[in-house]
Structure formats: C-alpha cells, structure tokens
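Read the figures in this text as sums done on the coordinates, not as results from a lab. Quick caveat: nothing in here was measured; it's all calculated off a predicted structure. Every residue, glycine as well, gets a Cβ built from its backbone with ideal geometry; the counts of neighbours run over all protein chains shown.
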Amino acid sequence: MEQPEGPYPLIVILTFIFFGAALVYYILVYLDAPFVKKNLKKYLFYRNLQRIYQPYLIRYFPFYNALSDRNKLKFERRVQKFIDMKQFIPRGGITDITPEMKALVAGSAIQLTFGYPSIYFRHFWRILIYPDDYYSTITQKYHKGEVNLGGIIVLSWKNLKDGFRSHTDGSHLGLHEMAHALRLINIIENPEYDFFDRRIMQEFDREAKKEILKISNGQNSTSIFREYSTTNKDEFFAVAVEIFFEQSKAFYRYNPKLYSLLTRILKIDPIVLARTGKLMK
Ligand SMILES: [Zn+2]
C-alpha cells in the first residue's frame, strides 16, 4: 500500500526552508535599514573586510600594522562588523559618507576595544559626521566631537582626520571620543553594561586626580597630559587614552602606575604590542 502523502511533500518544505534561510541571510548582509542595523546586524557572522576599507587600515593604523597575521584578520572582521552595525549620518554640508570616514571611525573603535572581542558600542548605533567644528545648541559651544547618552556619537571630519596625521603627537579625536563611549557603556543601562573591572577604573581615577591637582596647581609644567585633561575625570581618561596609544613609552616613563592601570582596563599593552605583536605580556 502506498503511504498517504501529507499536505506538503518534503521537497516543498525543504525548498521553503532553503529560501527562508537565504532571505534572512540577504537581509542581514545587504539591508541597511536603521532597524536592521540597530537590532539584527549583531547576529551576523564575521565576514571578511570589504576590500575598499583595507588601504585605510594600512595607511592610518600603526596599531593594526603591528598585529600578528591572525590578529590582523580579527581586527579587519571586527571593523567590518562595526561598520555593518552603525548608521553613519552626514551633517552640516557633508553630502556623502565615504569609505575612508567609515574606516577611520570603525578602526578607532576597534583599536580601543581590541582587548574586548564582543564589545561594539551597541548603545551608540548612530554616528553623525560634520565637516568641521560644529555648534551644539545644548552646550552653546563649538565642539570637535561628543558622545551623547541618547545613543549618538558626533564627530567632525576635519578634526578626526587631523588626529591621524601624526601617530606620535598624542592627539587623536577618534580614540578620544571612543574612550568617552567606553566609559559610558560600562555604567549606563545597555546590552554591554559592566564589562570591565570597575575597581581598576576607580583606582585609575584616584591616580588621575593626583595628576590633575599637580597640573592645576602649576606644580607640573612638564606633565605629559595636556591642560584640557584637567577638565574632569572623563576628559582625563580620554586624553590619557590618546597618549597611551601614541606616546606609549613616554607615558610609561612619566607615570608607570597610570600606564599599567590602563593596560589592565583595556587589556592591551601598546609597548608589548610594538615589540612582540601580542596584546599583553
Ligand atoms: Zn572629551
């Protein structure tokens, strides 16, 4: 006796499953609607970096160039994922977001979080790019960049690019703003909450306070940290991150304690990296 056939033969069901999976994959990879970027791209498997971005990593990121081949591939894939997850929005006269802009923003974010493979600043999924300093109606001042609790990172392209002109001058807007974002995602309600050790950060802040006092009292005219770092503990941390990557050895010689606390917060030691290609000792 023949088996009675169900309402849907197996082949039809399999075809549906196949096309369903293909559709989901297509949506994840190619659809750039805000909803998809904010909520779904995180499920995307790592894919290789699109070729258009790689020349910028080689040209602008000594950090990337110092990595081992295995870590380079990891860095590239993480940069691609960051780009996939963010909505880049041109503002104030910028007409197009270029691949160079995306590569410099994403590269800065991934450099700072390279010790934390699953951190992508998910709270900050929109990135606004202005051509130059822009006027903020909230602070009523001109800014080079800011990180906004509502989930937006704002950057000015001219200042961002200037930060990459020298790799040793201790000034880097991309790393500076990402450092603010890093501190914020650790303390506000969001999917990546509390990923680094708060006690080490508190210790860093205590040491920072001593340094800020010295600079403010004029006792330390030779401080490696520029005047702006004395604004508050968040600005000190952001400035320290810039110097940590761009003047690592001088930072270590100047204040080994602050330097080593930063290596523990970020899980990266740029001096060791430059020497061995590994992130830490
Ligand atoms: Zn700042």
- What number, in percent, do you get for the relative contact order of region 26-195 if the mean sequence gap of Cα pairs under 8 Å and at least 6 apart is divided by its residue count? 19 percent
- Task: Take the Cα of LYS257, step 7 Å along the line toward its Cβ, and report every residue of region 213-228 whose backbone nitrogen sits under 15 Å from that point.
- Result: 213-215
- Query: How big is the shadow of the Cα convex hull of region 117-266, averaged over all directions, in nm²?
  - Reply: 9.3 nm²
- Ranked by how many other beta carbons lie within 10 Å on average, peptides 11-21, 188-198 from highest: 188-198, 11-21
- Item | Rounded to 5, percent antiparallel among DSSP beta bridges of region 1-159 | 45 percent
- Query: Leaving out same-chain residues fewer than 8 places away, which lysines sit with a Cα under 25 Å from that of LYS233?
  - Reply: LYS141, LYS144, LYS209, LYS210, LYS214, LYS249, LYS257, LYS267
- Query: Mind checking which aspartates and glutamates have their C-alpha under 14 Å from LYS42, skipping anything on the same chain fewer than 8 residues away?
  - Reply: ASP32, ASP84, GLU192
- Query: Under a 5 Å amide H to amide H cut-off, with H placed in plane at 1.01 Å, what residues pair with PHE88 once short-range neighbours are removed?
  - Reply: ILE127
- Message: For the chain, what does the helix formula give at 222 nm: sum of -39500 (n - 2.57) over DSSP H segments with n ≥ 4, over the residue count, nearest 500 deg cm²/dmol?
- Response: -16000 deg cm²/dmol
- Message: Taking 35 Å as R0, compute the FRET efficiency from the Cβ-Cβ separation of TYR8 and TYR43 and round it to 0.05.
- Response: 0.80
- Query: When only Cα pairs under 8 Å and 6 or more residues apart are kept, what is the percent relative contact order across region 78-179?
  - Reply: 27 percent
- Distance in nm between label sites at THR137 and ASN217, each 7 Å beyond Cα in the beta-carbon direction? 4.5 nm
- What spacing in nm lies between the two simple spin-label points modelled at ILE271 and TYR26, each 7 Å away from Cα in the Cβ direction? 5.5 nm
- Rounded FRET efficiency, nearest 0.05, which uses the C-beta distance separating THR231 from ILE97 and R0 of 22 Å: 0.15
- If you wrap a convex hull around the C-alpha atoms of the chain and split its volume per residue, what is the figure in Å³? 182 Å³
- Relative packing of 167-174, 254-261, 68-75, which averages over residues the other C-beta atoms within 10 Å, highest first: 167-174, 254-261, 68-75
- Query: Taking Cα pairs under 8 Å and at least six residues apart, what relative contact order does region 196-281 come out at, in percent?
  - Reply: 26 percent
